[in-house]
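Report on the following structure.
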2 protein chains.
Amino acid sequence: MIGVFDSGLGGLTVVRELLAKIPQYKIIYFGDTARTPYGTKSAETVTKYALENTRFLLEKGAQVIVVACHTVSSTAMPVLKETFRKIPFFEVVTPSFKKALQLTRKKIIGLIGTRTTVESGIYQRLFHEADPEVKVVVNPAPLLVPLIEEGWLNKPETRRIVRKYLMPLKIKGIDTLILGCTHYPLIKKVIGEKAGKRVKLIDPSEEVAIEVAEFIEKSFPLKESLKVNGEPEIWVSDLTSNFEKLAQLFLKRRLRLNKVSL
Amino acid sequence: MIGVFDSGLGGLTVVRELLAKIPQYKIIYFGDTARTPYGTKSAETVTKYALENTRFLLEKGAQVIVVACHTVSSTAMPVLKETFRKIPFFEVVTPSFKKALQLTRKKIIGLIGTRTTVESGIYQRLFHEADPEVKVVVNPAPLLVPLIEEGWLNKPETRRIVRKYLMPLKIKGIDTLILGCTHYPLIKKVIGEKAGKRVKLIDPSEEVAIEVAEFIEKSFPLKESLKVNGEPEIWVSDLTSNFEKLAQLFLKRRLRLNKVSL
């Protein structure tokens, strides 16, 4: 059983990718909608929440944990791995970093994300260690999450704000752009237009799903007879009609949400 | 000692008003920055948080509780009053409602606020009970909080989004507008411009401060010798450099923030 968690519902983009790749494996998702968002909060608070979310998924039977939240992936991984030593963890930063390194020609890579993700400096460190010539140009884009959660996916206001956030990155001549938040794939088209067609976009949800699918199929091979597609089990810490709408938006299908207080 | 709480730092606009009116009384503030915002969450979750926040302030010695959060004021007051029966509570909805009723000529009153505040229907109920002729025109304005928290107080994007939110209210001919969230006073000027100069704005922070000041001076008269201005004590459940900047923005002065985990 694969456990996936996020600060809210954005991580369902990862579930969608996993369902496309390995539909026969059981997925359990937890979205911390009662305390969302994480991206404006401190690394200390985010780490505390990440530990609680992981514990919940393990108690539910998860054998592998996928951190589908860029903010948690940027700040809490050492503590998570140290606390749950036997559990294989996947996160969204490393696969995005690897893919960007592989795609860039000019070695100028852009990153947009929440404030906490950008300020963690994790991408800057990873690229510097791998290739000191790579230049990382960053800009926190905190308004994109609320705009996406409002469903303003292609409104003029959203297009305008995306252009504003990308301007400093374009000026520096990026050729690759990391979408450093699981919400952003929903406005990939607008981001692509505003970034310019020569800029390659990295979607962390796709990248992490490739890694997870490979690991799962190798570590837990299924007998042919067991290959039956199941429904993912979705848990949230708060439930409103707007959260239900959002879940559908991210997952592109309707599913029952179960509520739990952590 | 007066206890004031809010989902985050917006409630400091109430503290500012109280300091202007009754500076000799000690104020303790709690901002739930670790779980902010409340306005997108369910009434059940908001009530749970409000109970915890009140308990914290009472343990710190508060004798009066001011709920400086529109979302809590709209959803959690019956449970709060039932749970802490001996404590005088003040909230931001009732004084705003009274003021609007007093100011309106055409009996068409506008309300913008968070989704949870608007959907609670509390204003609609209050006006209907007081005067069935009053028409309340509402529009949730969920993007204003993140825009204000970004410090985009007068950017073209903010002006444009404010205009968009107010358009349906203007069409219905409102002559009075309730700023149904403690963040909104910070963009009062933009809201005033977009609403039109004939529309009177109701600032809940001012209205609740008038009520609280009156009650406090009557119930706890101070001897002349005790009239010394003190500093308010500010507590938050999460601390980042951006939260520090925000606190200064709302309070218009610099103050140390103390962190506590609830």
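The numbers here are math on the coordinates, done by the rules we state, and not lab data. Everything numeric here is computed off the predicted structure, so don't read it as measured data. Please note: Cβ atoms are built from the backbone with ideal geometry, for glycine as well, and neighbour counts cover all protein chains shown.
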* Structure fact -> Placing each pseudo-label 7 Å from Cα in the direction of the beta carbon, A:LYS259 and B:LYS252 end up separated by a distance in nanometres of 4.0 nm
* **Vicinal HN-Hα couplings computed from phi for region A:60-65 (Karplus, 6.51 cos²θ - 1.76 cosθ + 1.60; Hz; Gly/Pro x)** => 7, x, 5, 10, 9, 10
* Mean separation of Cα contacts under 8 Å, 6 or more apart, over the residue count of chain B: relative contact order % -> 27 percent
* To do: Determine the relative contact order of region A:137-237: mean sequence separation of Cα pairs under 8 Å and six or more apart, normalised by residue count, in whole percent.
  => 25 percent
* Structure fact -> Mean projected area, convex hull of alpha-carbon positions in chain B, reported to one decimal in nm², is 13.5 nm²
* Structure fact -> With label points set 7 Å from each Cα along the Cα-to-Cβ direction at B:LEU153 and A:ILE210, the distance between them in nm comes to 4.7 nm
* **At R0 = 60 Å, FRET efficiency that the Cβ-Cβ distance of A:SER241 and A:GLU133 yields, to 0.05** => 0.75
* Structure fact -> Farthest towards the positive end of the dipole of region B:98-161, among B:TRP152, B:THR117, B:GLN102 and with Cβ unit charges of +1 on Lys and Arg and -1 on Asp and Glu, lies the Cα of B:GLN102
* What size of dipole, in debye to the nearest 20, comes out for region A:1-75 about its Cα centre when the only charges are +1 on Lys and Arg C-beta atoms and -1 on Asp and Glu C-beta atoms? -> 120 debye
* Structure fact -> Dividing the helical contributions, -39500 (n - 2.57) per DSSP H run of n ≥ 4, by the residues of the protein assembly as shown yields a 222 nm value, nearest 500 deg cm²/dmol, of -14000 deg cm²/dmol
* Provide the packing ranking of B:124-132, A:132-140, B:201-209, i.e. peptides ordered by the mean count of other C-beta atoms within 10 Å per residue, highest first. => B:201-209, A:132-140, B:124-132
* For B:PHE30, which sequence-distant residues (separation of 5 or more, or a different chain) have an amide H within less than 5 Å of its own amide H, given hydrogens modelled in the peptide plane? -> B:VAL4, B:PHE5, B:ASP6, B:TRP235
* Using the Karplus equation 6.51 cos²θ - 1.76 cosθ + 1.60 (θ = phi - 60°), what ³J(HN,Hα) coupling, rounded to whole Hz, does each residue of region B:76-89 give in order, writing x for Gly and Pro? -> 10, 4, x, 5, 4, 5, 5, 6, 10, 5, 8, 8, x, 10
* Provide B:GLU193, B:GLU150 in ascending order of the number of other Cβ atoms located within 10 Å of each residue's Cβ, fewest first. => B:GLU193, B:GLU150
* Structure fact -> Rounded to a whole number, the mean other protein chain Cβ count within 10 angstrom for residues of B:109-121 is 1
* Which whole number gives the average, over all residues in A:41-50, of C-beta atoms from other chains lying within 10 Å of the residue C-beta? -> 4
* Structure fact -> When B:ASP6, A:ASP175 are arranged by how many other beta-carbons sit within 10 Å of their Cβ, fewest first, they go A:ASP175, B:ASP6
* To do: Classify region B:1-65 as rounded, prolate or oblate, taking a ≥ b ≥ c as the square roots of the eigenvalues of its Cα gyration tensor: rounded when a/c is under 1.5, otherwise prolate if a/b is larger than b/c and oblate if not.
  => oblate
* Counting pairs of Cα atoms in the protein assembly as shown, how many percent are more than 29 Å apart? -> 54 percent
* To do: Calculate the length of the line joining the C-alpha centroid of region A:171-242 to that of region B:129-201, in whole Å.
  => 37 Å
* Structure fact -> Computed Rg/Rh for region B:61-112 (Cα atoms; Rh = Kirkwood radius) stands at 1.08
* Relative to the longest principal axis of the C-alpha atoms of chain A, give the angle of the C-alpha long axis of helix A:241-251, reported between 0 and 90° and rounded to the nearest 10°. => 80 degrees
* Asked: Based on the alpha-carbon gyration tensor of region A:14-117 and its eigenvalue square roots a ≥ b ≥ c, which shape applies: rounded if a/c is under 1.5, prolate if not and a/b is larger than b/c, or oblate?
  -> oblate
* Asked: Could you give the dipole magnitude of the protein assembly as shown about its Cα centre, charging the beta-carbon of Lys and Arg +1 and that of Asp and Glu -1, in debye to the nearest 20?
  -> 1700 debye
* Structure fact -> Per-residue Cβ contact counts at 10 Å, fewest first, order A:ARG160, B:ARG159 as A:ARG160, B:ARG159
* Asked: What is the gain in length, in nm to one decimal, between A:GLU82 and A:ARG105 on full extension, counting 0.36 nm per residue of separation less the C-alpha to C-alpha distance?
  -> 4.7 nm
* Structure fact -> Using the Kirkwood formula on alpha carbons, the hydrodynamic radius of region A:176-244 in angstrom works out to 15.5 Å
* Structure fact -> Note: region B:106-174 at 10 °C, 1.306 mPa s; Kirkwood Rh on alpha carbon pairs; Stokes-Einstein D in µm²/s works out to 122 µm²/s
